[in-house]
Each structure stands twice: as C-alpha cells, then as structure tokens.
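Notes follow once the structure below has been shown.
The values are calculated or read from the model by the stated rules, or taken from the named source; none is laboratory data. Keep in mind that what you see is a predicted model, and the values were worked out from it rather than measured. Cβ atoms come from the backbone with ideal geometry, glycine included; neighbour counts cover every protein chain shown. For the accessible areas, the whole protein counts, side chains as well, though only heavy atoms, and no ligand, DNA or RNA atoms are used. Shrake-Rupley method; radii C 1.70, N 1.55, O 1.52, S 1.80 Å.
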Amino acid sequence: MVAPATDRDLLLHGYDAIEFWVGNAKQAAHYYRTGFGFRLIGYAGPETGVRDRASYVLEQGQIRFVLTSGLTPDHEIVRHHALRGDAVRNVAFQVSDAERAYALALDRGAAPWEAPTLHEDEHGQVRIASIAAFGDTIHSFVERDAYAGPYRPGFVSVADDPISDPAGLQAIDHVVANVEEGRMEEWAAFYERILAFEPLRHFDDEDISTEYTALMSKVLSDGAGRIKIPINEPAQGRKRSQIAEYLDANSGPGIQHLALATDDIVATVSRLRSRGISFLEVPAEYYDDAEERVGHVHESWADLAELGILVDRDEEGYLLQIFTEPVQDRPTVFYEIIQRRGATGFGVGNFRALFEAIERAQARRGNL
Ligand code: FE2
C-alpha cells in the first residue's frame, strides 16, 4: 500500500535525468550510443537556436542521460570541464509538483540554485527548479506530467538512431557520491533533512578496507526505494585511497559511479565487452570459492568467470555486479552494471576484491 502524502513528502517519482557537463558532447554521445547502447532521442544547440551550448539526450530503458558541452572559452560549462573533466552536473528527480518540492527543500535549509521556471513549447509544459548539493552538483526537480515532447522545451526530436544497439540496460539502480574526508555525515544529514530520505545502510572502514584504501559509506534512500544515494568519504588509509584519488582528479566532491540495472547481466556485459567497454579485472582466484561463498545461482559460473561478473548474497537473495574502468582519462566517473536477484544490498562482500582491482589500476596510473 502506498502511504498517503504528508507534508514531509517532496513527492519524488524517481530519477528524471543525469546531466553530464563534458568537453565534447558530440563525441561523448557517440560513445554512449555505440558502447553502452543508448539511443539519441533529442538535441538542442546552435541549429535549434541555443547559442552557447550543445546538448544530446540519450535514453535506454528508463535511463535518461543528457550530455552538454559549452561553446565559448569562458562558459561556465567549459570552466567546470577544466576543473573536473567530464562529470555529472545534475542528478535530476521527477516530481509531481516542482514548486512544492522546491519550497519544502528551501524551507528545510537547501541552498537555492534555480527558482521554479516554466518551460513551454507546442508539446506542453515542463516546470523545473533546482537546489545545490555537494561540490558543483545540483538536484533539479522536474515536473513533466503536462509534456509530450522529447525531454523538455527547446529540444528537437531525433527520429531514429542508426548507430544505437541496446545493451539491455533498464534503470538507474543507485548513484554514488564521493565527498571529502569528514563530510559524509553532513551530506547524509542533507538528504535526510532536505529530501526526507532515510538511512538504509552504513559501512565503516572495518567493512571496507584494504592495504591502501579505507572508506566509509552511508546509503540514503527515498521512502519508496526508487532513489538510492550511497555517500563515500575517504578514511585514513595506509597510502592513497581511491576516494582521495577521485577528489584530486575531480577538484572536489562529485558523483563517483552510476549503477545501471539489467535483468540479464550475462547478455548485457557480453554486449558491452564486445563493443569495447572495459571493466576492472577480477583476479581469477575470486571464482575459486565463489560458489561456496554465495551458494547456488541461476547463471553459469563459467559465464560469470569469463565475463568477470561478481556475485554477493545477503539475507534476501543475491546480486550480480561488475564495474567499468573510468570512462574518461581522469580517474573519476565509472559505471556499475547490476542485476538484483532478491538482494537489496550493494555487494559489500565484493568490496575487497573490487578495491584491490581498483588499486592495481591506480598503481598503473602512478597514483598509489
Ligand atoms: Fe555501487
């Protein structure tokens, strides 16, 4: 049963879009289409009357990405790119009432970014308001019930995309933030206070440490479980943790990874690998005792080992997951591909194997 709305509810329906500010949106769009199987559905730029930027709207399943680059040297997007490289700018949520969500958020202490604005064209109306979050990241509240066009007013439809071939990605499972040492609790409190999220889980450095990396993580979720945001901070590691490496490369806090859900991870990862998406190498020994550790799974262990897919079990079931290498030259944003078979966790049993793999990559970059 769905609980009735209360004054505390911002009435978030889920993710609306993830907007990336990138150096070259035209080429990034090509990568996400041919590599990850996204379909180009909308565009805005000089040809459509937008003078200062170009944006490409990509969709796969329920996932929507918007890739935007600035077109002049002193543009805020270009400056953002100089600091952070290709990075997530906006984690936008769909809401039933953008004015209400914005007013409630401000009332609870959110820093305003953009007051509610009505965008209109022949396809209808979209109302958008935004608040500031960690680093330069913002959260937009997007009300689009009255809109039938592609993405939002100002964008033109792209009828068909001859180079996209779907990879079976269906939805955003979770979005992970890296924040500075000592600031995880503050940002967890932000989501609890401002967006009425609930703490789901907490991992400390006892759970998550290797020779080099120690981190703490707290997972926040909206009541319905549609939006899950783990927040990581580096703990004092022996050397240079992967979170510290990220914070340097990104000139501060930001989105570390996006987990994209599939219901057939073997097929999805096979496709992604065949298109040149590279994943962290899992040591072959990981599979030696995997079956003993997690018990029976529906997938073939030979397939999982060949593709490098990790498995973890919790009280409710198991999950399969794999992590890409960073998708730009800076060691910042990467992707997780995840299939849940009952499990609601985040694969804590895999963290050690995973982090050791990340550290081998860090060492190759000379950052360890
Ligand atoms: Fe994750």
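Annotations for the structure displayed:
- Close amide-amide hydrogen proximity is noted between residue 197 and 192, each under 5 Å apart and 5 or more residues distant or on a separate chain (H modeled in the peptide plane; Pro and chain starts excluded).
- Taking the inverse of the mean 1/r over every pair of distinct Cα atoms in the chain gives a Kirkwood hydrodynamic radius of 21.3 Å.
- Surface share of carbon and sulfur [accessible, 1.4 angstrom probe, percent] for the chain: 48 percent
- Spin-label model, residue 118 to residue 79: label points 7 Å out along the Cα-to-beta-carbon direction sit 3.2 nm apart.
- Ordering of 110-121, 192-203 by packing [mean C-beta count within 10 Å, highest first]: 192-203, 110-121
- Rounded to the nearest 10 degrees, the inclination of helix 184-195 to the longest alpha-carbon principal axis of the chain is 40 degrees.
- The slack in the chain from residue 226 to residue 163, taken as 0.36 nm per residue of separation less the alpha-carbon distance, amounts to 19.6 nm.
- Result for the chain in a Gaussian network model with C-alpha springs under 10 Å: among 98, 44, 267, the largest mean-square fluctuation is at 267.
- When the alpha-carbon atoms of the stretch 12-157 are used, the pair Rg, Dmax equals 14.9, 44 angstrom.
- Listed values for the stretch 300-310 are Karplus-derived 3J(HN,Hα) couplings in whole Hz (6.51 cos²θ - 1.76 cosθ + 1.60, θ = phi - 60°), namely 7, 4, 5, 4, 4, 5, 5, 8, x, 8, 8, and x replaces Gly and Pro.
- Accessible surface ranking that places the most exposed of 332, 34 first, with a 1.4 angstrom probe: 34, 332
- Using a Förster distance of 22 Å, the FRET efficiency for residue 146-residue 30 (Cβ separation, nearest 0.05): 0.10
- Put simply, the amide H of residue 89, placed in the peptide plane, has neighbours under 5 Å in 19, 20, 21, leaving out anything fewer than 5 places away on its chain.
- Between the amide H of residue 341 and those of 318, 319, 320, distances stay under 5 Å, these residues lying 5 or more places away or on another chain, with hydrogens modeled in the peptide plane.
- Separation of the residue 367 and residue 71 label points, Cα + 7 Å toward Cβ, nm: 3.3 nm
- Remark: the stretch 74-80, residue by residue, has Karplus-estimated 3J(HN,Hα) of 9, 5, 4, 5, 5, 5, 4 Hz, where x stands for each Gly or Pro and the curve is 6.51 cos²θ - 1.76 cosθ + 1.60 at θ = phi - 60°.
- Solvent exposure of the chain, expressed per residue, is 43 Å² of accessible area, with all protein chains present and a 1.4 angstrom probe.
- The long axis of helix 351-364 is offset from the longest Cα principal axis of the chain by roughly 80 degrees.
- Per-residue HN-Hα couplings for the stretch 38-55 [Karplus 6.51, -1.76, 1.60; θ = phi - 60°; Hz; x = Gly/Pro]: 6, 10, 6, 10, x, 8, 9, x, x, 5, 10, x, 8, 8, 9, 8, 10, 10
- Taking the centroid of alpha carbons for each part, the stretch 287-342 and the stretch 59-83 are 30 Å apart.
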